[in-house]
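Written below as structure tokens is the structure these notes are about.
The values are calculated or read from the model by the stated rules, or taken from the named source; none is laboratory data. Everything numeric in this text was worked out from a predicted model, so none of it was measured. Every residue, glycine among them, receives a Cβ derived from its backbone with ideal geometry; neighbour counts consider all protein chains shown. The accessibility values were calculated without ligands, DNA or RNA, using every heavy atom of the protein model including side chains. Shrake-Rupley method; radii C 1.70, N 1.55, O 1.52, S 1.80 Å.
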Amino acid sequence: AVVGDFTMVRGSYLGESAVAGANSEVVRCIIGDNSALHRAYVADSLIGSNVHFAGGSSTANERLDGSPIRSTNHHGEKVLTPLTKLGAIVGDDSAFGGYAMVNPGVQVGSGCQIGQRVSLYSDVPDNMRVTYRQQFSFSEI
């Protein structure tokens, strides 16, 4: 694994050829082989192999009210976990654009593309692309 300048890795496993690039923070995570984080914050998460987090992307790992986090179980049901800190669960071969954010307990399937500035608050099935569409309004002052 490669850990860049000004990067903090605490209580985590980085797989073979994984990269925690400069100015990233990785806390209590398992990061799969050949995955890369660039100026990212990833905490309390399980990240598959060949996953890319672009600059500014992050996983939120705690609810604002500090209560336990809901996540999807193996039956596809949303359940209340006993955990007050749980980040993302991400399958292999997925990518996150700049400033994408994954809310606590959200699961992202394999082969997904999450566009820049997307804030995920629900699970994403395998092989899906999620994008954010912004509309501008121009008017004279």
With a 1.4 Å probe and all protein chains left in place, how much accessible area per residue does segment 1-82 have, in Å²?
53
Just check segment 8-136 against the gyration tensor rule for me: Cα atoms, a ≥ b ≥ c as the square roots of the eigenvalues, rounded for a/c under 1.5, and otherwise prolate or oblate depending on whether a/b exceeds b/c.
rounded
Where labels lie 7 Å past Cα in the beta-carbon direction, separation of SER139 and LYS78 in nm:
3.6
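For the ranges 38-46, 60-68, what's the packing order if you count other beta-carbon atoms within 10 Å of each residue, average per peptide, and put the highest first?
38-46, 60-68
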